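Heads up: the structure comes next, in structure tokens.
The values are calculated or read from the model by the stated rules, or taken from the named source; none is laboratory data. Just so we're clear, the structure is a prediction, and the values are computed from it rather than from any experiment. Here the Cβ positions follow ideal geometry from the backbone for every residue, glycine too, while neighbour counts run over all protein chains shown.
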Amino acid sequence: MKTKKILFVFGTRPEAIKVAPLIKEFQKNKQHFNVCVVSTGQHKEMLDQVIDFFDIKLDYELKLMTPNQSLNQLSGKILNSLKDVLDKEKPDYVFVHGDTTTTAFASIASFYNQIKICHIEAGLRTFNKYSPFPEEINRTITGRLTDLHFAPTEQAAQNLLSENINKDSIIITGNTVIDALLDGIEITKDYHDSQISGLKKIISNEKKTILVTGHRRENFGKGFENICNAILELSKNPNINIVYPVHLNPNVKDTVHKILSGKENIHLINPLSYPAFIWLMNKSYIILTDSGGVQEEAPSLGIPVLVMRNNTERPEGVKAKTALLVGTNKNKIISNVNNLINNESEYKKISLKKNPYGDGMASKKIVEYMKQNG
Ligand code: UD1
Ligand code: UDP
């Protein structure tokens, strides 16, 4: 078999986490695949942390992030700069992941060059154009252009079938986020870094830690104000300790710091490296988040997730009761946190569930499929 050239394009923290194990798996199969790795640099500091930890070697680093840039600016830059890379590299396949602006516009650039597209984490849908915004349409556009859809779950595959995608192009694999998490847990067993040392100083065994993350564009403004006011109220309980690694998007950072800076029992910190974040998830009692990846990771660690959104493209966790949709209503967030804090039996039911998103074998399945069919 002729060696196939596989070109990965990613640009944000979660994409890098989820493609890292897959890149490694392809690289183990040098007789079949020649791997080229491109970062658009849609994220900067938050992406660098992941690239360092997983030791991903970049062939192209496009460095496209500028502070608070519009989606239009970013999209144009991705299309233009990827053309040069694709013209030069002429890959057999481009692999994209998920639903970011990098994902959608790398897919369009690949389509313009008539290169086959493979989509990892394919088929997630809310069927609501503006929620999450712009991710629902990013992944739908990507789905239209994709040649091979690697769907993480049966539900995701069903979503693609409902859009008349050919069933022979859909492969159910589990989510590579679990491959990354299991690698991460292994590497971090005896791992210490300055961030973990810092976290040890703010975490207390006498208090229940509530971990908070958030960044969704549809929560900007009122949504984040409600979330912060709920956190402020919860922090008055002396048995609770809130740790919040704040996303670097200024629309998030500014609101969060304005409402929560300097308050007792609330620790606003910078985004954590992946190993430090896993460490912190493991020490947490509850996670309050609007993140996609965190919804998928938390069940493997037995931590209940309260999802601060009105809908989710990850219904498997809600169905399995590892996650609960609480939206951004202040009172609903507070009452659901209090319910889990005061009701041990309810808590145990949630925290003992099996992870519905994968078993750590997704990357192997994708590479095996590409060996047989690519
Ligand atoms: C992006 C993705 C979102 C994904 C999220 C993961 C889009 C439209 N959004 O949202 O789907 O879930 O990443 O975190 O693709 N910034 C920094 N440093 C960083 C990263 C961001 O300063 O390392 C700031 C910059 O001012 C940047 C802004 O955040 O312009 C927004 O970044 P952007 O990638 O457009 O959106 P996110 O909210 O990060
Ligand atoms: N994460 C991290 N450091 C942090 C917060 C999150 O490494 O301070 C990881 C987390 O484990 C998950 C991913 O980043 O794998 C989620 O990223 P994010 O919430 O930004 O994006 P989403 O998953 O919603 O697209």
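Can you say whether Ile171 is part of a strand (DSSP E or B) and of a type in the set (A, V, I, L, M, F, W, C), as far as the supplied structure shows?
Yes: the conditions hold for Ile171.
Give the residues of the range 188-210 that are part of a loop (DSSP other than H, G, I, E, B) and hydrophobic (A, V, I, L, M, F, W, C), sorted by residue number. The one that is part of a loop (DSSP other than H, G, I, E, B) and hydrophobic (A, V, I, L, M, F, W, C): Ile203. The residues of the range 134-170 that are aliphatic (A, V, I, L, M) and either within 16 Å of ligand 1 (Cβ to nearest atom) or within 22 Å of Thr312 (Cα to Cα) (or both), listed by number, are Ile137, Ile141, Ala151, Ala156, Ala157, Leu160, Leu161, Ile165, Ile170.
If you take the residues of the range 54-87 that are without any contact (Cβ under 8 Å) to a residue 12 or more places away in the chain, touching a helix residue (DSSP H, G or I) at 6+ places or on another chain (Cβ under 9 Å) and over 27 Å from Thr126 (Cβ atoms), which of them is nearest to ligand 1 (Cβ to nearest atom)?
The qualifying residue nearest to ligand 1 (Cβ to nearest atom) is Thr66.
Looking only at residues that are assigned to a helix (DSSP H, G or I) and away from ligand 1 (no atom under 15 Å from the Cβ) in the range 21-53, which one is surrounded by the most Cβ atoms within 10 Å (Cβ to Cβ)? Per the criteria, the residue is Leu22. The single condition among (1) touching a Lys or Arg at 6+ places or on another chain (Cβ under 7 Å); (2) within 16 Å of ligand 2 (Cβ to nearest atom); (3) closer than 17 Å to Ile187 by Cβ that Glu25 does not meet is (2). Applying the criterion of being closer than 14 Å to His257 by Cα and of a type in the set (A, V, I, L, M, F, W, C) to the residues of the range 197-227, the residue that is nearest to the chain's Cα centre (by Cα) is Val212. Applying the set (1) of a type outside the set (Val, Ile, Thr); (2) within 21 Å of Pro152 (Cα to Cα); (3) assigned to a loop (DSSP other than H, G, I, E, B) to Glu368 leaves exactly one unmet item: (3).
Being within 13 Å of ligand 2 (Cβ to nearest atom), modelled with pLDDT of 95 or more, surrounded by fewer than 19 Cβ atoms within 10 Å (Cβ to Cβ) and not acidic (Asp, Glu) is a property that holds for Asn270. Is there a residue in the range 231-249 that is of a type in the set (S, T, N, Q), touching a Gly at 6+ places or on another chain (Cβ under 8 Å) and outside any helix (DSSP H, G or I)? No; the residues of the range 231-249 include none that is of a type in the set (S, T, N, Q), touching a Gly at 6+ places or on another chain (Cβ under 8 Å) and outside any helix (DSSP H, G or I). Among residues belonging to the range 88-101 that are more than 16 Å from the chain's Cα centre (by Cα) and within 15 Å of Gly11 (Cβ to Cβ), point out the one that is nearest to ligand 2 (Cβ to nearest atom). Applying the filter and picking the extreme gives Phe95. For the range 275-313, taking the residues that are within 14 Å of the chain's Cα centre (by Cα) and away from ligand 1 (no atom under 15 Å from the Cβ), the one that is surrounded by the fewest Cβ atoms within 10 Å (Cβ to Cβ) is identified as Ile278. Residues that are free of Cβ contacts under 8 Å to residues at least 40 places away in the same chain, out of contact with any strand residue (DSSP E or B) (no Cβ under 8 Å at 6 or more places or on another chain) and more than 14 Å from ligand 1 (Cβ to nearest atom) within the range 222-274 comprise Glu225, Cys228, Lys236, Pro238, Lys258, Ile259, Gly262, Lys263, Glu264, listed in sequence order.
Within the range 277-297, residues that are within 18 Å of Thr188 (Cβ to Cβ) and within 8 Å of ligand 2 (Cβ to nearest atom) sit with their Cβ atoms under 7 Å from residues that are modelled with pLDDT under 95 and of a type in the set (Ser, Thr, Tyr), at 6+ positions apart or across chains, in these pairs: Ile278/Thr188.
The number of residues in the range 352-374 that are under 27 Å from Gly223 (Cβ atoms) and either surrounded by fewer than 19 Cβ atoms within 10 Å (Cβ to Cβ) or acidic (Asp, Glu) (or both) comes to 0.
Sort out which residues of the range 88-105 are touching a residue at least 24 places away in the same chain (Cβ under 8 Å), at negative phi and surrounded by fewer than 20 Cβ atoms within 10 Å (Cβ to Cβ), and write them in order of number.
Narrowing the range 88-105 to residues touching a residue at least 24 places away in the same chain (Cβ under 8 Å): 89-105.
Among the residues that remain, those that are also at negative phi are: 89, 91-97, 99-105.
Glu89, Asp92, Tyr93 - these are the residues of the range 88-105 that are touching a residue at least 24 places away in the same chain (Cβ under 8 Å), at negative phi and surrounded by fewer than 20 Cβ atoms within 10 Å (Cβ to Cβ).
Suppose the filter is over 20 Å from the mean Cα position of the chain (by Cα), aliphatic (A, V, I, L, M), modelled with pLDDT of 95 or more and on the phi < 0 side of the Ramachandran plot; does Val85 pass it? Yes; evaluated as a whole, the condition is true for this residue.
For the range 261-307, the set of residues classified as of a type in the set (Val, Ile, Thr), assigned to a strand (DSSP E or B) and within 9 Å of Leu211 (Cβ to Cβ) consists of Ile286, Ile287, Thr289, listed by residue number.
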